[in-house]
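The next block holds one structure in the form of structure tokens; read it before the comments.
The values are calculated or read from the model by the stated rules, or taken from the named source; none is laboratory data. Keep in mind that what you see is a predicted model, and the values were worked out from it rather than measured. Here the Cβ positions follow ideal geometry from the backbone for every residue, glycine too, while neighbour counts run over all protein chains shown.
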């Protein structure tokens, strides 16, 4: 699969209803984890770090299509530069 068709597939994913639902659920989960840290005064440090890690992982997952799209755009530009001029 060429980078351009992968970009098209990523764009289709991010515009889909399923991605909107997934994004909404993940954002709610991130907010809930943050609120639990804020509202629990005696939370053990390990629990705080676990929740921080889960927030980071969820945020990174939500950014994945954008990051992947940028990588694929760079690959597409590089593959154009590699093609012979005729």
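What to note about this one:
- Of all residues making up the range 15-46, the number that are surrounded by 13 or more Cβ atoms within 10 Å (Cβ to Cβ) and either in contact with a strand residue (DSSP E or B) (Cβ under 6 Å, 6 or more places away or on another chain) or in a helix (DSSP H, G or I) (or both): 11
- Here residue 56 fulfils each of the conditions (1) outside any helix (DSSP H, G or I); (2) modelled with pLDDT of 95 or more apart from (1).
- Verdict on residue 9 being closer than 16 Å to residue 67 by Cα and either touching a helix residue (DSSP H, G or I) at 6+ places or on another chain (Cβ under 7 Å) or assigned to a helix (DSSP H, G or I) (or both): yes
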